[in-house]
1. Please note which helices (runs of 4 or more DSSP H) are completely contained in segment 64-136 and include at least 3 residues that are in contact (Cβ under 8 Å) with a residue 60 or more places away in the chain and out of contact with any Gly (no Cβ under 9 Å at 6 or more places or on another chain).
2. Among the residues in segment 98-118, are any within 15 Å of Leu8 (Cβ to Cβ), under 16 Å from the mean Cα position of the chain (by Cα), crowded, with 19+ Cβ neighbours inside 10 Å and not basic (Lys, Arg)?
3. Could you list, in sequence order, the residues of segment 38-51 that are exposed (fewer than 10 other Cβ atoms within 10 Å of the Cβ) and of a type outside the set (Val, Ile, Thr)?
Amino acid sequence: MNPTLFTLTAFIAWTLFLLVLMEAMRSNLVLTRQVAPTGFTPDNAGLSPFMQRLARAHANCLEGLPIFGGLMLVALVSERTAVTDPLAYAFLAARGLQSVTHLASASATAITLRFTFFAVQMAIGAVWTWGLLAAA
């Protein structure tokens, strides 16, 4: 499996993992009668700060998947993974670190660090876009 295909698959798997974690925690809250089954909002408002950060980390992945996943998919379908392969693992690391930092804390330092990891992803996305357009 080349780096682009691995990264796309791992990005999808990470997004799914965050969803499963959130739903397992929500299920526990329902089963222990701490929250009614209808008591959830998409952003987990009213729940613990961790649950709110988890909802946001998952949403961040969903927001980025069409853009970054789309670029990787374009590279795969057009057989131009030479454009995305060199930075694929760096992208995946930045995405994972952004999510983990999001889950760990809402401090000013964590927010700055999280944005840094996101900025790395944006830069990689720009490089990929330019490279794919230039190769077209």
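Where a number appears in this text, it was derived from the coordinates with a stated rule and is not lab data. Treat the numbers as computed from the prediction; the structure is a model and nothing was measured. With ideal geometry, Cβ positions are generated from the backbone for all residues, glycine too; neighbour counts draw on all protein chains shown.
1. 70-77, 81-104
2. Within segment 98-118, none of the residues are within 15 Å of Leu8 (Cβ to Cβ), under 16 Å from the mean Cα position of the chain (by Cα), crowded, with 19+ Cβ neighbours inside 10 Å and not basic (Lys, Arg).
3. Answer for segment 38-51, where residues must be exposed (fewer than 10 other Cβ atoms within 10 Å of the Cβ) and of a type outside the set (Val, Ile, Thr): just Pro42.
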